[in-house]
Amino acid sequence: MKSARKSDRLLDKSWMRWTLLGVVSACILVAGWWMYSIKKHKAELENALLVKVEKRVFEHTIRRPATLEPSNKIRVMTEVYGFVVDAAEDGSQVKTGDLLIRIDPRSHQEAMEKQRDHVRKIKAEREKERQAAAKEIFKAKADAESRRLRVDTENIVLKEVMLGPSATDVLNTQAQLENARTLMQAREEEYAILEPLAQKGYVSQSEFRTKKLEKDTQKLNLEGAKIAVSKLMLPPTVAQKEQELKVHVEEKNLAAALEKANLLESNDQRAEQTYLMRLKRETTRLEEFEENITKTTIIAPAPGVVSMRKMRGRSVGPGFETDKNFELLTLADLRRMKAVVSVDEGRVGQLRKGMKANIHVGLSGTGTERTLPALITRVAEKGRDEFEGFASETRDRTGKANRQVFDVDLDIQGEFNDLRPGMRAEAEILVASVPDARIAPEAAVNKENGQAFVWLASASGPEKKMVNVLAEDGLYCSLDGLNEGDRIYLVAP
């Protein structure tokens, strides 16, 4: 019994020893496995947070939703007023030279005829003034010529005066004086005879007055002859001065006559200039009226689809009254299209006219997509509110959410017959291309005090590395300062 009990105790101690040894071994195995799992998970997690730097061509693009519009959209404006009498059908396809609008030309024809009569009247009035001025100028020149002859005559007399009177002049003057005295004596005798007869009524009063007038006239002639004789007796200097005075007076009269003739000619020239300017102005108005008649017919300057303007629910058509510079319709050439996109203010500064782009348009009913090349033709100078569409992007780029966007036109290269206004598309604008770029995700780039850096994986652990960002597109960026194959952390370790 004792040996059996002793054997049982030995068995119990052995079992307990082996059980304890198993438990310790299990704990050691579990701890080893747990440490191995943690190390493996840490390595996997670290590998998941690391990315390799790639070397390839980096293309910085901006992708935006776009709407197709006609590239060549012509606004057809009226240049004259009037009532529409004929018009192309709204939505119709027209060719170059086809009729778009015809305006009633009758009011413009009446205005043209009235202006033409006005021009004729101006010409007739000027011709009448020209003839009258020619007569006055002719008279003034004739008077000036007469004055010139008088000056010449007085100068000849002055020369004779300077030479002094001749013997013949003296004899003639004295003979004229004697004749005047003889005639005066005869007139006095006749008057003395008739005076008593007239008082008694034997001679008519009219005959008596005639004789008295003859006596007085002869008395004046006698005085003139005496003066002529006395002039001959004057000293030569006095006679010369008198004649020089006559010459001076005639020269002044000549100068006045010439000035009058020149003044009349100058006035006629000014009148002619005024007439020519007025005629040009009125002729220009006449040409405008004539041109207005041609402007009443508007033809298509290019092929396209007609889109008539509507006013108060009524389209432009026969009977529609239009004014000058009024937009009647638009003519869109659907063969040439453009894509219009809106770019936020944080990126619009990167865009330039002439940049290349691709327009991705879905083909209706096929489920496929077509890519069309395009060029930037216009970047809006002024932005507009886009409200909620670009709030987050604008805040990310500029630090504020004022939601200002700018319209950009992308001209699709080529002509197409299956594109229509209003179709939705996606524009991909190529902003920059960097060959042999070192590319990494933007998430791996950190910024501190305006400087960009990444966490570079090295044998000694994470290392802070300063870099320069050459280009970025929202997902990836081109970095300067890294090598191909470098491993960097997506998040700070």
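Taking the range 185-202, which residues are touching an Asp or Glu at 6+ places or on another chain (Cβ under 9 Å) and either free of Cβ contacts under 8 Å to residues at least 24 places away in the same chain or not in a helix (DSSP H, G or I) (or both)?
If we filter the range 185-202 for residues that are touching an Asp or Glu at 6+ places or on another chain (Cβ under 9 Å), which is where we start, we get 187, 190-191, 194, 198.
Listed by number, the residues that qualify are Leu194, Ala198.
Find the strands (runs of 3 or more DSSP E) located wholly in the range 442-485 whose residues include 3 or more that are free of Cβ contacts under 8 Å to residues at least 24 places away in the same chain, and list them.
On the way: elements: 446-448, 451-458, 461-472, 476-480.
The strands (runs of 3 or more DSSP E) meeting that bar are 451-458, 461-472.
Would you point out the residue of the range 287-321, among those that are polar (S, T, N, Q) and within 18 Å of Phe83 (Cβ to Cβ), that is surrounded by the fewest Cβ atoms within 10 Å (Cβ to Cβ)?
Looking at residues that are polar (S, T, N, Q) and within 18 Å of Phe83 (Cβ to Cβ), I get Thr294.
Which ones in the range 59-108 are within 32 Å of the chain's Cα centre (by Cα) and without any contact (Cβ under 8 Å) to a residue 40 or more places away in the chain?
Result: Ser107, single match.
Residues being under 25 Å from Ala271 (Cβ atoms) and in contact with a Pro (Cβ under 9 Å, 6 or more places away or on another chain): count how many of those fall in the range 88-132.
0
Where a number appears in this text, it was derived from the coordinates with a stated rule and is not lab data. As the structure is a computational prediction, the values presented were derived from the model and not from experiment. Glycine also receives a Cβ, built like all others from the backbone with ideal geometry; neighbour counts cover every protein chain displayed.
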